[in-house]
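Take a look at the structure below.
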Amino acid sequence: ADMERLVERLEKAVERLETVCQGPGMCGDAPAKGVAQYVQAFDALLAGPVAEYTKISKEVGGDVQKHAEMVHAGLMSERALLVVASQHQQPSENAFSDLLKPISEQIQAVQNFREKNRGSKLFNHLSAVSESIPALGWVAMAPKPGPYVKEMTDAAMFYTNRILKEYKDVDKKQVDWVKAYLSIWTELQAYIKEYHTTGLTWSKTGPVATAGAKAAPAPPAGLAPPPPGPPPPPAPVSSSTDDSASRSALFAQINRGEGITSGLRHVSDDMKTHKNPALKNQGGPVRSGPKPFTAPKPACNANPSQGSSPKAPPLLELEGKKWRVENQENATNLVISDTELKQVAYVFKCTNSTLQIKGKINSITLDNCKKLGLVFDDVVGIVEIINSRDVKVQVMGKVPTISINKTDGCHVYLSKSSLDCEIVSAKSSEMNVLIPTEGGDFTEFPVPEQFKTVWNGQKLVTTVTEIAG
């Protein structure tokens, strides 16, 4: 009797397993019925590196956990597009632009979260994710989506190296977080190389994809924590255009690859100015055909006056513990004097202006500034210069670290008490550090931009090289 009951229980267990195996995903080594192989491979990516990154981010908590949820939502939006591509033929440009919109919106959400939390203690984590998240746009890149993901991954290295330097011997969990996050993009590159080498692979059969195309259900619940649902399908074209829509349109046009030139007309010899000098003296436009890489304009505009967005108003205010200096133009006497040690300053999109910060402050960030002069007394943390051009920074007191990233043209004037300052630069050019002399003048020293790397038999050795010329 006991043996019969045992056999009965085993039969019921087998029935339950067989039922589970008929659902989406995989059961053992059996592929999911009706799910394309490259979607299954993407599900494996979600179940592996993405799940590990989400798990560790949850353990770290705070802003990192919230950011990870946004990243996961972006990956799920991408999975939905992959399912659509596996079941439909390649759509028209406009339809593809609409299909890309949920992904571009998630990219924008991730980057906006970082900008809104510049005072976060985990700002390097947020920056690493924000700089590399555009890699999700590989689905619109052709013919080399893999190298594009590699480029975006490299953009995160500046910040992940900071994290490793700060936590290497302090908190192993932070080091594991870096490894887990970077492994997502490493695995994604391998995935693209195998299934989408020259661009997103569309089905050769089935209906042509449209904006309303439905994706199959998400992978099994055990693969990864459920993220917030992807954004709803895009609404009909309205009177306003946003950055994400323009970006999606750009993705769509880039995705055409060689086909983008199909609208250009052939130029015969009798139309070439170098073979017909008389044409140079004629007026009128020289080029005809469509303009390349331009976002389509809305079909209707209820309020034409809103066609061009007005300039953001200039701002200089204290918001909590953050001084916000934004959109200043031709302002030569900006001063922040009532400062405290816990405060930070964020200077954004200021042009042809000068800013003086008095007293001791925690950190200063210059972002997207042009021809800006900054003078400050003391900073206990870091001065960051990002995405800027032709800026001059003068230290009157002390600062431990100055970071220059994606900036062309930067002069740093050090004081005698700040000569031990560390200057970290990446993806920048025309950088100079000016050292004070006994006579009160400054001696200018260029920051190296060219390096030589050789293999010495055991490791790579990198040295600074002088530019030949």
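The values are calculated or read from the model by the stated rules, or taken from the named source; none is laboratory data. Keep in mind it's a predicted model, so treat the numbers as computed, not measured. Every residue, glycine among them, receives a Cβ derived from its backbone with ideal geometry; neighbour counts consider all protein chains shown. Surface accessibility is based on the protein's heavy atoms, side chains included, excluding ligands, DNA and RNA. Shrake-Rupley method; radii C 1.70, N 1.55, O 1.52, S 1.80 Å.
Structural descriptor for region 35-196: relative contact order 28 percent, calculated from alpha carbon pairs under 8 angstrom and at least 6 residues apart. In order along region 103-114, the phi-based Karplus estimate (6.51 cos²θ - 1.76 cosθ + 1.60, θ = phi - 60°) of 3J(HN,Hα) comes to 5, 5, 5, 5, 4, 5, 5, 4, 6, 5, 4, 5 Hz; Gly and Pro are listed as x. Once a ≥ b ≥ c are taken as the square roots of the eigenvalues of the Cα gyration tensor of region 29-147, is the result rounded (a/c under 1.5), prolate (a/b larger than b/c) or oblate (a/b not larger than b/c)? In terms of gyration-tensor shape, oblate. Assign one of three labels to region 95-193, namely rounded, prolate or oblate, based on the Cα gyration tensor with a ≥ b ≥ c the square roots of its eigenvalues; rounded applies when a/c is under 1.5, prolate when it is not and a/b is larger than b/c, and oblate otherwise. Taking the square roots of the gyration eigenvalues as a ≥ b ≥ c, region 95-193 is oblate. For the pairs Lys66/Lys116; Lys150/Lys173; Lys58/Lys179, note any where the Cα-Cα span goes beyond 23 Å. In this structure, Lys150/Lys173 exceed 23 Å between Cα atoms. Karplus-derived 3J(HN,Hα) values for region 78-93, using 6.51 cos²θ - 1.76 cosθ + 1.60 with θ = phi - 60°, are 5, 4, 4, 5, 4, 5, 4, 5, 6, 10, 9, 7, 4, x, 6, 4 Hz; glycine and proline are entered as x. Amide H contacts of Ile382 (H built 1.01 Å from N, in plane; Pro and chain starts excluded): Ile364 sit under 5 Å, all sequence-distant by 5 or more or on other chains. The fraction of accessible area contributed by carbon and sulfur in region 76-115 is 39 percent, rounded to a whole number (1.4 Å probe; ligands and nucleic acids excluded). The heavy atoms of Asp390 present about 60 square angstrom of accessible area, all protein chains included, probe 1.4 Å. Can you give me the % of accessible surface on region 315-464 that is carbon or sulfur? Probe 1.4 Å, all protein chains present, nothing else counted. Within region 315-464, the accessible surface is 49 percent carbon and sulfur. Backbone N atoms of region 69-108 closer than 18 Å to the 7 Å Cα→Cβ label point of Thr197 are not found in any residue. Take the Kirkwood radius over Cα pairs of region 315-464, plug it into Stokes-Einstein at 20 °C and 1.002 mPa s, and you get 134 µm²/s for translational diffusion.
Report note on the peptides 94-101, 364-371: ranked by the mean count of other C-beta atoms within 10 Å, highest first, their order is 94-101, 364-371. Non-local amide H neighbours of Glu430 (under 5 Å, H modeled in plane, Pro and chain starts lacking H): which ones? Result for Glu430 returns Gly409.
To the nearest 0.05, what FRET efficiency results for Thr437 and Asn327 with a Förster distance of 51 Å applied to their C-beta separation? Between Thr437 and Asn327 the formula returns 0.85.
Check Ile423: other-chain or 5+ apart residues with amide H under 5 Å from its amide H, H built from backbone geometry? Under 5 Å from the amide H of Ile423 lie the amide H atoms of Ile402, each far enough along the sequence or on another chain.
Computed from backbone phi with θ = phi - 60° and the Karplus coefficients 6.51, -1.76 and 1.60, the 3J(HN,Hα) list for region 120-136 is 5, 5, 10, 5, 5, 5, 4, 5, 4, 5, 5, 6, 9, 4, x, 4, 4 Hz; x is used for glycine and proline.
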